[in-house]
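Asker: My questions will all concern the structure given below.
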Protein chains: 2
Amino acid sequence: MWITNIYDMHSTLSVMKLSQGVEWTLHCSVLLSDLPKGAVLPRKALADHYGLPDAYLAKHLQSLVRAGLLLATPGPRGGFALARSPEKITVLDVVEAVEGSAAPFVCQEIRQHGSGALTADQCVRMCAVNRVMLGAHESWRRHLRATTLQDIADGIPASIRQRNAAKFSRERAA
Amino acid sequence: MWITNIYDMHSTLSVMKLSQGVEWTLHCSVLLSDLPKGAVLPRKALADHYGLPDAYLAKHLQSLVRAGLLLATPGPRGGFALARSPEKITVLDVVEAVEGSAAPFVCQEIRQHGSGALTADQCVRMCAVNRVMLGAHESWRRHLRATTLQDIADGIPASIRQRNAAKFSRERAA
């Protein structure tokens, strides 16, 4: 049973939810932050590392390529690398590459409808409801913009980062 | 055409989006903030005022009743009123009554999966990706918690508030 009627469908859509692609691409991007200069990681290596569905991860990585965050090198020795240094890519950059930058609250200007409709003259200022909702979205964006991939990578213990480097170097040699 | 395959469905669900019920219930609650003590507004009056679908608005108003934000009085002279004073109801209260309080980012702990899986010992601290996403959600909530229904009502010009009061008083007398 998926959708029984239009109300149920709306209820399903209404829950504010981020795609799993956000988690996947953030982790993959942090992993790419630690690659030696000039190195790439094939998509399969990224998918295997986190046990992710390869074809579906591909779609999300392509979103990051389109947003100018990743470079994709084709061919048997090809793979992905960050398009700029990890201290210049924020968490917000990655999240919005996957999710888009539309605010979750969409004002329908209901104050201009119905028996209580205000005139256009009375609605020159932005609706206060819209203003507070947009302000909250900007607070959310500001928080995500304040952390870079480098910040996250720096929080990972050196032993794990060294283990990953050794693992990928082995995989490249294989 | 609704859903063609599982990937399309996921894409549809993945866009972070708030229900229209958020806008509807915020505007209705602000309207109720201005009611004289002891007065109520019938659901139909609220729906008519903003040109909203009555049956669907009912569902959202019930969510606010369940959350303890509105009181519903049954009967032909019944209707809705705020359950407490408007300076004690925040925008966040209303938003979460409609949407729930679940964070939009759900960490699947992918660092513990796949060929790069970390051990439970290595994952005692919360994942840095999860930490920044939860922090952003808290910034969003903090912003919505900082504004009350009274704050929004106070921003509406006196002429509009007086017009609404006169309109509802006429409707009650009719």
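Asker: Would you tell me the accessible area of residue A:19, worked out with a 1.4 angstrom probe on the heavy atoms of the protein chains, in Å² to the nearest 10?
Answerer: We get 10 Å² for residue A:19.
Asker: Please enumerate, by chain and number, the aspartates and glutamates with C-alpha under 15 Å from the C-alpha of residue B:44, excluding those fewer than 8 residues away in the same chain.
Answerer: B:54, B:171
Asker: Please state the relative contact order of chain A as a whole percent: Cα pairs under 8 Å, 6+ residues apart?
Answerer: Normalised by residue count, the contact order of chain A is 26 percent.
Asker: Would you kindly work out, in nm and rounded to one decimal, the distances from the label point of residue A:53 to those of the same position in each other copy, ordered shortest first, with label points 7 Å along Cα-to-Cβ?
Answerer: 3.0
Asker: Then there's this: Using a 1.4 angstrom probe on the protein heavy atoms only, line up A:109, A:171 by accessible area, largest first.
Answerer: A:171, A:109
Asker: For n ≥ 4 DSSP H runs only, could you compute -39500 (n - 2.57) per run for chain A, divide by its residues and tell me the 222 nm figure to the nearest 500?
Answerer: One gets -16500 deg cm²/dmol as the mean residue ellipticity at 222 nm.
Asker: Put B:87, A:23, A:96 in order of accessible area, largest first, 1.4 Å probe: what do you get?
Answerer: Final ranking, largest accessible area leading: B:87, A:96, A:23.
Asker: Can you tell me which of B:145, B:84, B:163 moves the most in a GNM of chain B? Springs connect C-alpha atoms under 10 Å apart.
Answerer: B:163
Asker: Follow-up question, since we're still on this one. First compute the accessible area of the protein assembly as shown with a 1.4 Å probe, then give the percent of it belonging to carbon and sulfur atoms.
Answerer: Carbon and sulfur: 57 percent of the exposed surface of the protein assembly as shown.
Asker: In debye, nearest 20, what is the charge dipole magnitude of chain A about its Cα centre with +1 on Lys and Arg Cβ and -1 on Asp and Glu Cβ, if you could check?
Answerer: Dipole of chain A, to the nearest 20 debye: 560 debye.
Asker: A further question on this structure: Calculate the mean, over all residues of peptide A:35-48, of how many other protein chain Cβ atoms lie within 10 angstrom of the residue's Cβ.
Answerer: Across A:35-48, the average partner-chain Cβ count within 10 Å equals 1.
Asker: Nm distances between the label at residue A:167 and the same-position labels in the remaining copies, 7 Å along Cα→Cβ, shortest first?
Answerer: Listed shortest first, these distances are 6.1 nm.
Asker: Between residue B:172 and residue B:131, what length in nm is gained on full extension when 0.36 nm per residue of separation is reduced by their alpha carbon distance?
Answerer: Residue separation times 0.36 nm, minus the Cα-Cα distance, leaves 9.6 nm.
Asker: Quick one: accessible area per residue over chain A, 1.4 Å probe, rounded to a whole number of Å²?
Answerer: On a per-residue basis, chain A sits at 49 Å².
Asker: Please pull out the direction-averaged projected area of the stretch B:1-155, using the convex hull of its alpha-carbon atoms, in nm² to one decimal place.
Answerer: Result: a mean projected hull area of 13.3 nm².
Asker: Continuing with this model, one more query. Taking residue A:36 in one copy and the same position in all the others, each labelled 7 Å out along Cα→Cβ, what are the pairwise distances from the first, in nm, shortest first?
Answerer: Relative to the other copies, residue A:36 has label-point distances of 8.2 nm.
Asker: Taking residue B:88 as the anchor, which lysines have their alpha carbon closer than 16 Å to its alpha carbon, excluding any fewer than eight residues away along the same chain?
Answerer: List returned: B:37.
Asker: For residue A:167, give me every one of the aspartates and glutamates with a C-alpha distance below 15 angstrom, ignoring sequence neighbours fewer than eight places off in its own chain.
Answerer: Those aspartates and glutamates meeting the cut-off are A:34, A:48.
Asker: Dipole of the protein assembly as shown, Cα-centred, from +1 at each Lys and Arg C-beta and -1 at each Asp and Glu C-beta, to the nearest 20 debye?
Answerer: In total the dipole reaches around 220 debye.
Asker: In addition: Peptide B:136-146: average number of partner chain Cβ atoms within 10 Å per residue?
Answerer: Partner-chain Cβ atoms within 10 Å, mean over residues of B:136-146: 6.
The values are calculated or read from the model by the stated rules, or taken from the named source; none is laboratory data. These numbers come from a predicted model, not from an experiment. So basically every Cβ, Gly included, is an ideal-geometry build from the backbone, and we count neighbours across all protein chains shown. Protein only, heavy atoms only, side chains kept; ligands, DNA and RNA dropped before computing areas. Shrake-Rupley method; radii C 1.70, N 1.55, O 1.52, S 1.80 Å.
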